[in-house]
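The values are calculated or read from the model by the stated rules, or taken from the named source; none is laboratory data. Predicted model only: the values in this text are computed from it and were never measured. Cβ atoms come from the backbone with ideal geometry, glycine included; neighbour counts cover every protein chain shown.
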Amino acid sequence: MNRRHLAFVLSVAEQGSFRSAAEVCSVTQPTLSAGVKQIEEQFGARIFQRSTRSVALTEFGQQILPAISDVIASEEALKAQVQNLLKPDVKLVRIGVSPIVEVSRLVNVFSEFQNQNPSIELVFKECFVNDLHDRLHAQSIDIAVMPETAVDRADLKMAPLYSDPWVFLPNAAIPDQFGQDALGIGEIADQSLILTSGYCGLSQATQSMFDALGLSLNLYPGRAISYSAIENWADLGLGAALLPASKVSRARQGPCLPVLERDGSAAMLDVVGCWRHDAAPPRHILKLIALLEVRKAVSH
C-alpha cells in the first residue's frame with residue numbers, strides 16, 4: 001500500500017476537492033485521482049462519492065479515514081523521533097490542530113515564545129477532533145488545539161488561545177430574506193444549516209451554541225467534508241451555513257453576516273490549547289505549557 005496515495009486520500013478529504021488536493025500535494029489531478037483509485041481498489045470499496053459539483057465521503061470513507069490519518073501521523077511521528085535522536089539540540093513540540101483551527105492565528109500567539117526559544121521547533125499536524133484526544137492520551141502529540149466545546153476528557157487541562165467570530169452565509173435560494181447587517185442566533189434557528197460530519201469540531205461547536213440558548217438545530221440532511229464545500233453549497237441554494245470568519249474564503253462575493261449573542265455582543269468560537277495534566281513532559285514542552293498557564297490565568 002502506497003503511503004503517498006494514502007496522503008492523497010487524506011488531502012482530498014481535507015480539501016473537499018480533487019483539484020485543490022492536487023495543488024496541495026504538488027501533483028497533477030490525474031496523478032492524484034489515479035492514486036486515490038488505486039487505494040479504493042486495494043480496499044475493495046469506494047472512499048469518495050464523486051459528482052460534477054462536489055466530493056463527499058462514502059459511509060466506508062467516513063469509517064476508514066481516521067485509520068488512514070493514523071498511518072500518516074505514525075510515519076511523521078517516526079521521523080520526528082529520528083530527528084530527536086540524531087539532532088538532540090533541536091527540540092520539538094508536536095501540536096495537533098483540528099481543521100477548524102486557523103494556524104496563522106496560532107503562529108501569532110506563539111511568535112514571542114519562538115523568538116525567546118529559537119532551539120524549540122513547533123510542529124503542527126492537522127487531526128480530527130476524536131484523533132486529538134486519542135493522540136494526547138497516547139502521547140503522540142504534546143498539545144492539542146481545538147474548539148473549547150470539543151474538549152471532552154476530564155484528564156485534560158486547557159487554556160484560551162484565540163476567539164473567532166461566527167458569520168452567517170444565507171441560503172442563496174431565498175434572496176433578500178435578511179435586511180439587517182447582523183443577525184442574532186435566534187433569527188437563524190429555523191434555517192437548514194449545512195454542517196460537516198463532526199470530525200473537525202464545527203458540528204460540536206454549532207450544536208453547543210444552539211443548546212446554550214435552548215434552541216433546536218435544523219440540519220440540512222447531507223454533510224460536507226470541507227468549509228469550501230459548505231460555502232459553495234450555500235451559494236447553490238442547498239441550505240444556509242454558520243462558519244468561523246477565518247474559514248470563509250477571502251474571495252467570497254456572497255453575503256456574510258456577523259452573528260450576535262442575545263446581549264448584542266459578537267458570537268465567538270473559542271479555541272483552546274489542551275494538554276494532559278497527568279503527563280510528565282520534557283522541560284522544553286513544559287516551557288510552552290507554562291505560557292499556556294499564564295494565558296489561562298490572565299483570561300480569568
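Tabulated results
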| quantity | calculated |
| --- | --- |
| The one condition in (1) over 21 Å from Leu291 (Cα atoms); (2) surrounded by 19 or more Cβ atoms within 10 Å (Cβ to Cβ) that Arg153 fails to fulfil | (2) |
| Odd one out for Gln191, checked against (1) polar (S, T, N, Q); (2) touching a residue at least 60 places away in the same chain (Cβ under 8 Å); (3) crowded, with 19+ Cβ neighbours inside 10 Å | (2) |
| Filter result for Leu269 (out of contact with any helix residue (DSSP H, G or I) (no Cβ under 8 Å at 6 or more places or on another chain) and over 20 Å from Gln180 (Cβ atoms)) | no |
| Options Val93, Val167, Val145; residue that is over 26 Å from Glu293 (Cα atoms), in contact (Cβ under 8 Å) with a residue 60 or more places away in the chain and not aromatic (Phe, Trp, Tyr) | Val167 |
| Hits in region 208-247 - residues which are closer than 22 Å to Asp263 by Cβ and without any contact (Cβ under 8 Å) to a residue 12 or more places away in the chain | Asp211, Ala212, Gly214 |
| Qualifying position, being surrounded by 17 or more Cβ atoms within 10 Å (Cβ to Cβ), part of a helix (DSSP H, G or I) and not assigned by TED's automatic domain parsing to the domain that holds Glu59, among Phe168, Phe210 | Phe210 |
| Within region 130-176, tally of residues that are within 19 Å of the chain's Cα centre (by Cα) and small (Gly, Ala, Ser) | 5 |
| Subset of region 37-51 [without any contact (Cβ under 8 Å) to a residue 24 or more places away in the chain and part of a loop (DSSP other than H, G, I, E, B)] | Gly44, Ala45, Arg46, Ser51 |
| Selection status of Cys274, part of a loop (DSSP other than H, G, I, E, B) and buried (at least 21 other Cβ atoms within 10 Å of the Cβ) | no |
| Set Arg153, Arg94, Arg105: member being within 26 Å of His277 (Cβ to Cβ) and either among the hydroxyl-bearing types (Ser, Thr, Tyr) or in contact with a Phe, Trp or Tyr (Cβ under 8 Å, 6 or more places away or on another chain) (or both) | Arg105 |
| Matching entry among Leu286, Leu292 (being touching a strand residue (DSSP E or B) at 6+ places or on another chain (Cβ under 7 Å), of a type outside the set (D, E, K, R), closer than 20 Å to Ser140 by Cα and part of a helix (DSSP H, G or I)) | Leu292 |
| Tally of residues being crowded, with 18+ Cβ neighbours inside 10 Å and modelled with pLDDT under 90 across region 28-60 | 4 |
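Yes/no matrix, rows are residues, columns are (1) aromatic (Phe, Trp, Tyr); (2) within 20 Å of the chain's Cα centre (by Cα); (3) crowded, with 16+ Cβ neighbours inside 10 Å:
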| residue | (1), (2), (3) |
| --- | --- |
| Ser216 | no, no, no |
| Gly222 | no, yes, no |
| Ser226 | no, yes, yes |
| Ala229 | no, yes, yes |
| Leu236 | no, no, no |
| Leu243 | no, yes, yes |
| Ala251 | no, no, no |
| Gly254 | no, no, no |
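Condition check ((1) closer than 23 Å to Gln177 by Cβ; (2) modelled with pLDDT under 90; (3) not aliphatic (A, V, I, L, M)) across all residues:
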{"site": "Asp190", "(1), (2), (3)": "yes, yes, yes"}
{"site": "Leu195", "(1), (2), (3)": "yes, no, no"}
{"site": "Gly201", "(1), (2), (3)": "no, yes, yes"}
{"site": "Thr206", "(1), (2), (3)": "yes, no, yes"}
{"site": "Leu215", "(1), (2), (3)": "yes, no, no"}
{"site": "Ala224", "(1), (2), (3)": "yes, yes, no"}
{"site": "Ala234", "(1), (2), (3)": "yes, no, no"}
{"site": "Ala241", "(1), (2), (3)": "yes, no, no"}
{"site": "Ser246", "(1), (2), (3)": "no, no, yes"}
